[in-house]
Amino acid sequence: MESAISVPRPSNEAERLAALCRYLQLDTLAEKDFALLAKVATEICDVPYALITFVEEDLIRTFSSVGMPIMVIPRDEGACSWTILQDGVLEITDLKNDEKTAHSQIMAETGMQMYAGTSLVTADGYRIGTLCIWDKQQRHLSHHQRDLLIGLARQAMALLELRENESLLKQALLREQRLASVDILTGLLNRRVLFERLESEIERSRRYGTPLSLIMIDLDHFKKINDVFGHAAGDAVLRSVGETISTGIRASDIAGRYGGEELCIVLPQTSVEGAHAFSESLRSQIAGLEIPFCDQVIKVTASLGVASLKANCTDLQQLFEAADTALYTAKRSGRNRVELA
């Protein structure tokens with residue numbers, strides 16, 4: 001066995017790896033479409049083995065194969081590393097004696113004698129991987145077989161591009177959905193989505209007989225903050241309080257901006273006692289905020305009203321009215337306090 005050698009890296013290696021990252025993030029690669037292309041490659045070239053690979057910084061990673069296991073091998077051990085250095089097809093008819101692969105322990109262990117591969121080339125011209133075929137006997141491909149192998153590699157790359165576009169579209173749709181449902185200033189749900197989610201939770205609570213509580217929050221003397229410091233300061237306060245709420249609620253809880261400086265939290269499967277304890281903790285956290293603004297620190301407090309579903313409070317309107325009445329009581333009683341309906 002010859003000593004290991006280092007396969008040369010393409011001159012555009014950094015850009016090539018950046019292009020490859022777009023496809024390494026895809027989660028739809030191990031599927032029948034790629035396996036079919038590898039299978040067609042074996043039939044066209046009359047060989048038992050085919051792989052579709054990515055050539056990463058230090059590894060060659062198989063993501064589809066026929067006749068061979070899915071493998072991850074060192075980059076300097078694989079013939080695919082040489083394939084991405086050239087156009088067309090790299091054909092090695094005697095792997096044991098070719099200077100590019102004679103050192104490879106992987107080749108010795110698998111018993112492979114022959115290799116032919118062509119690059120997967122992105123639309124912007126980067127060779128990110130290969131479609132390759134293997135055999136345990138020495139042989140040559142015809143010109144026609146080589147041309148078809150190149151054509152199959154283009155199909156594999158087109159499929160990768162399609163998967164990337166689908167992924168980008170999905171991400172864009174998720175961003176649009178989030179923008180349509182979130183209040184930009186506070187990061188909480190907007191009023192429309194808040195009401196939709198609350199209606200759904202009320203129905204779920206009725207169906208399964210589980211408790212549900214609603215907390216209405218009003219920032220104390222918020223108009224004074226705007227008058228003294230300006231509306232940008234008011235925005236900073238809303239943003240800071242929104243972040244405090246977002247980090248303090250459970251994954252199942254729902255928080256939204258009801259309007260102006262009024263915020264709202266829905267606590268599914270939470271009794272009025274649990275909601276009261278949570279509200280006291282949140283009130284204390286808000287009172288402890290020190291919000292930097294233009295070399296100053298703004299302090300703020302909040303009044304909170306808590307209501308829960310019960311015999312005389314069974315629908316959305318009644319729940320909001322009960323929580324709003326409790327909130328009014330908290331404000332009338334001196335603010336920076338929690339009151340129960």
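Can you go through GLY259, GLY248 and tell me which one is loosely packed, with under 14 Cβ neighbours inside 10 Å and within 23 Å of ARG197 (Cα to Cα)? Residue meeting the stated conditions: GLY259.
Taken together, SER281, SER308 contain a single residue that is farther than 23 Å from ASP183 by Cα and exposed (fewer than 14 other Cβ atoms within 10 Å of the Cβ), which is SER281. Checking ARG178, ARG139, ARG146 one by one, the residue that is closer than 30 Å to LEU319 by Cβ and charged (D, E, K, R) is ARG178 and no other. Put simply, of ALA326, ALA287, ALA322 the only residue that is surrounded by 14 or more Cβ atoms within 10 Å (Cβ to Cβ), in the same structural domain as VAL241 (by TED's automatic domain parsing) and either touching a Phe, Trp or Tyr at 6+ places or on another chain (Cβ under 8 Å) or modelled with pLDDT of 95 or more (or both) is ALA326. Annotation for region 213-228: no member residue is of a type in the set (Asp, Glu) and within 19 Å of THR314 (Cβ to Cβ). Among the strands (runs of 3 or more DSSP E) confined to region 296-341, the ones with at least 3 residues that are under 39 Å from the mean Cα position of the chain (by Cα) and closer than 26 Å to ARG204 by Cα are located at 302-308.
Can you find a residue in region 217-225 that is in a helix (DSSP H, G or I) and either touching a helix residue (DSSP H, G or I) at 6+ places or on another chain (Cβ under 6 Å) or among the hydroxyl-bearing types (Ser, Thr, Tyr) (or both)? Checking region 217-225: at least one residue is in a helix (DSSP H, G or I) and either touching a helix residue (DSSP H, G or I) at 6+ places or on another chain (Cβ under 6 Å) or among the hydroxyl-bearing types (Ser, Thr, Tyr) (or both). Exactly one residue out of ALA307, ALA326, ALA287 is on the phi < 0 side of the Ramachandran plot, in contact with an Asp or Glu (Cβ under 6 Å, 6 or more places away or on another chain) and touching a residue at least 24 places away in the same chain (Cβ under 8 Å), and it is ALA326.
Out of the residues in region 162-195 that are surrounded by 13 or more Cβ atoms within 10 Å (Cβ to Cβ) and assigned to a helix (DSSP H, G or I), which is modelled with the lowest pLDDT?
SER167
Within region 249-269, not a single residue is over 18 Å from LEU316 (Cα atoms), in the same structural domain as VAL297 (by TED's automatic domain parsing), at pLDDT below 95 and assigned to a helix (DSSP H, G or I).
Please work out which residue is surrounded by the fewest Cβ atoms within 10 Å (Cβ to Cβ), limiting yourself to region 196-210 and to residues that are of a type in the set (D, E, K, R) and more than 17 Å from ARG178 (Cα to Cα).
It comes out as ARG207.
The residues on offer are GLY88, GLY67, GLY78, and the sole one that is at positive phi and either surrounded by 22 or more Cβ atoms within 10 Å (Cβ to Cβ) or at pLDDT 95 or above (or both) is GLY88.
The values are calculated or read from the model by the stated rules, or taken from the named source; none is laboratory data. The shown structure was predicted, so the numbers you read here are calculated from the model rather than taken from an experiment. In this analysis, Cβ positions are derived from the backbone assuming ideal geometry, glycine residues included, and neighbour counts consider all displayed protein chains.
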